[in-house]
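Chemist: Before I ask anything, let me first share the structure, which is written out below as C-alpha cells.
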C-alpha cells in the first residue's frame, strides 16, 4: 500500500460497520446486513491484501460526467479510487453493486475518499450512487442486475496474463451470484483457460432480496460445486481474519481461487436478528422501531447516540 494507514484491520472493519449504521439511521434506511457480513473481508482486502496505488480521483467525488465514450473526455470510472492502472498493481472489481455504501465506507476508512463523500449519496447528478455503477467510487464496471462482475474480471485477468502483468485481479461477490448461470459458465471458462491470476472473495451470508437463500434457491454443497468446476476453493469463517489471510495466499497454479467467506448478516449488530429473514435492505416501519434499533446498535457498536 502506498497510502499509509495506521489502523488495524479490526479497526477498519469496525469503522465500516459504524459508518453504514450512522448513514442508515440518518437516512431512514440502508444496507446494514451487508456491512455486518462483509466488513471483515473488505477490511482485510483494502488494509492488507490488495496492492493498489494512490487514488487518481478527488477525495470528494465528482458529479456524474456521462458514460465513457470516445466523445466524452470527461467521463471516468470509480476505479480511480483504487489507483492507476499499472502492470504491477492489482485490479479490484466489485460485483454486487448494492454493496456500494459498504464500499464507500471502506474507502473512507482507508483514507482514499473524504468523509464528505457520503453527503452526495444517492443525490441527483452525483456519482455516489446507492446501487453502484461504473462511475461510482470503487466501481470499475457496471455489473448488471447481478453476477456479471466475475465474467468481466475474468476477461481482465486473461488479458493481463497474456500481457505478462504481475498484478492480480480480485473480485468481490455475493453468494446470490451463484444462483446465476453466468457465474458457473465463467468458472468453467477460467478453469479451461488456466486463468490463475484471479481471486474471488464471496460474501456467503445466506441472504438475498426475497429473504433467506435457503428458502428461495438453496445452493447445496457450494464448495463441492465450485471445486467440480475446476477452481481452487477455500471455505472459511468470513469473520476470522487469520483464516482469510491464509486463504488469500493459497492460490494454485493453473486454477482460479474462490474464497467462500461464510458470514453472519448480524455480525456486530445482533439486534438485526429481530428482522430475520427480511434483512436485504433495512427500512424503519415506525419512529419507535428506529429509536429502538438506534439505541441497541449504538451500544453494540460503541457509537455516541448524540451523534445520530
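The values are calculated or read from the model by the stated rules, or taken from the named source; none is laboratory data. Just so it is clear, the model here is predicted, and its values are computed rather than measured. All Cβ positions, even for glycine, are placed from backbone atoms using ideal geometry, and neighbour counts span all protein chains on display.
Chemist: Identify the single condition in (1) in a helix (DSSP H, G or I); (2) under 23 Å from residue 197 (Cα atoms) that residue 117 does not satisfy, given that it satisfies every other one.
Modeler: Answer for residue 117: the failing condition is (2).
Chemist: Where residues in the range 59-82 are part of a loop (DSSP other than H, G, I, E, B) and in contact with a helix residue (DSSP H, G or I) (Cβ under 9 Å, 6 or more places away or on another chain), which of them is surrounded by the fewest Cβ atoms within 10 Å (Cβ to Cβ)?
Modeler: 60
Chemist: Can you report the number of residues in the range 219-245 which are surrounded by fewer than 13 Cβ atoms within 10 Å (Cβ to Cβ) and touching a strand residue (DSSP E or B) at 6+ places or on another chain (Cβ under 9 Å)?
Modeler: Total meeting the criteria: 1.
Chemist: So, in the range 246-262, exactly how many residues are part of a loop (DSSP other than H, G, I, E, B), touching a strand residue (DSSP E or B) at 6+ places or on another chain (Cβ under 6 Å) and touching a residue at least 60 places away in the same chain (Cβ under 8 Å)?
Modeler: Of the residues in that region, 2 qualify.
Chemist: Which members of the range 1-31 meet the condition of being within 26 Å of residue 247 (Cα to Cα), crowded, with 16+ Cβ neighbours inside 10 Å and at pLDDT 95 or above?
Modeler: 9, 12, 13, 14, 15, 16, 17
Chemist: Filter the range 137-165 for residues that are free of Cβ contacts under 8 Å to residues at least 60 places away in the same chain and in contact with a helix residue (DSSP H, G or I) (Cβ under 7 Å, 6 or more places away or on another chain); which is surrounded by the fewest Cβ atoms within 10 Å (Cβ to Cβ)?
Modeler: Looking at the filtered set, the residue picked out is 158.
Chemist: I'd like the full set of residues that are without any contact (Cβ under 8 Å) to a residue 40 or more places away in the chain and under 16 Å from residue 173 (Cα atoms), limited to the range 233-245.
Modeler: 233, 234, 235, 236, 237, listed by residue number.
Chemist: Hey, could you check the range 197-222 for residues that are under 15 Å from residue 262 (Cβ atoms) and in a strand (DSSP E or B) and say which is modelled with the lowest pLDDT?
Modeler: Only one residue fits best here, namely 212.
Chemist: OK, next. Among 266, 284, which is surrounded by 13 or more Cβ atoms within 10 Å (Cβ to Cβ), farther than 23 Å from residue 152 by Cα and under 17 Å from the mean Cα position of the chain (by Cα)?
Modeler: 266
Chemist: With the structure loaded, tell me whether residue 143 is closer than 25 Å to residue 260 by Cβ and in a loop (DSSP other than H, G, I, E, B) or whether it fails that test.
Modeler: So residue 143 fits the description; yes.
Chemist: I would also like to ask the following. Condition first: buried (at least 21 other Cβ atoms within 10 Å of the Cβ) and within 15 Å of residue 45 (Cβ to Cβ). Now tell me which residues in the range 246-259 satisfy that.
Modeler: Within the range 246-259, 247, 248, 257, 258, 259 meet the criteria.
Chemist: A follow-up question, please. Right, residue 111: modelled with pLDDT of 95 or more and crowded, with 17+ Cβ neighbours inside 10 Å or not?
Modeler: No.
Chemist: Would you check if there is a residue in the range 182-190 being at pLDDT 95 or above and in a strand (DSSP E or B)?
Modeler: No; the residues of the range 182-190 include none that is at pLDDT 95 or above and in a strand (DSSP E or B).
Conditions (1) in a helix (DSSP H, G or I); (2) more than 24 Å from residue 173 (Cα to Cα); (3) in contact (Cβ under 8 Å) with a residue 24 or more places away in the chain; (4) in contact with a helix residue (DSSP H, G or I) (Cβ under 7 Å, 6 or more places away or on another chain), marked per residue:
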| residue | (1), (2), (3), (4) |
| --- | --- |
| 224 | yes, no, no, no |
| 230 | no, no, yes, yes |
| 288 | yes, yes, no, no |
| 291 | yes, yes, no, no |
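Chemist: Take the range 293-307 and flag every residue that is in a loop (DSSP other than H, G, I, E, B) and exposed (fewer than 15 other Cβ atoms within 10 Å of the Cβ).
Modeler: Correct list: 302, 304.
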